[in-house]
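A short worksheet on the structure shown next.
The values are calculated or read from the model by the stated rules, or taken from the named source; none is laboratory data. Computed from a predicted model, the values in this text were never measured in an experiment. Cβ: placed from backbone, ideal geometry, glycine included. Neighbour counts: every protein chain shown.
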Amino acid sequence: MNMVREDIIGISLRDLRMLVKSVREFSDSGVIHRGRGRPSNRRFPELFKARVLNLCWEKYRDFGPTLPAQGKSPVSEGGRGIET
C-alpha cells in the first residue's frame, strides 16, 4: 500500500508524513520552503557590487547591463580581461 502512495505522488512515505504534519501545523505556508524570502548565504557584499557597477558605468556608459552580465566586458572576472 505504501508503494502505491509513493508511486502516485512521487515522494517517499516519510516525506509525505512530514509534509502533512507541516500543512497541519502551518496551514498553506507549510508547503512553501522556509528559506524563501531570506537573503542568500552566497551573495556578494554590497561594497563589491557597488565597485563592479561603478567600473561598468565608467567604461561602458553606452551599454546596458547585458554586456557585463554576459561576461564580455574587460571588467568581468574581477578586473581581469577575458580573451575570446
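Could you give me the residue pairs with C-beta distances under 9 Å whose first residue belongs to the range 18-33 and is outside any helix (DSSP H, G or I), whose second residue is modelled with pLDDT of 85 or more wherever it lies, and which are 6+ apart or on separate chains?
Hits for this filter: Val31/Leu19; Val31/Ser22; Val31/Val23; Ile32/Phe26.
If you go through the range 39-48 one residue at a time, do you hit one that is surrounded by fewer than 10 Cβ atoms within 10 Å (Cβ to Cβ) and either in a helix (DSSP H, G or I) or over 18 Å from the mean Cα position of the chain (by Cα) (or both)?
Yes: the range 39-48 contains one or more residues that are surrounded by fewer than 10 Cβ atoms within 10 Å (Cβ to Cβ) and either in a helix (DSSP H, G or I) or over 18 Å from the mean Cα position of the chain (by Cα) (or both).
Only residues that are surrounded by 10 or more Cβ atoms within 10 Å (Cβ to Cβ) and more than 24 Å from the chain's Cα centre (by Cα): list them for the range 23-38, please.
Selection gives Val23, Phe26.
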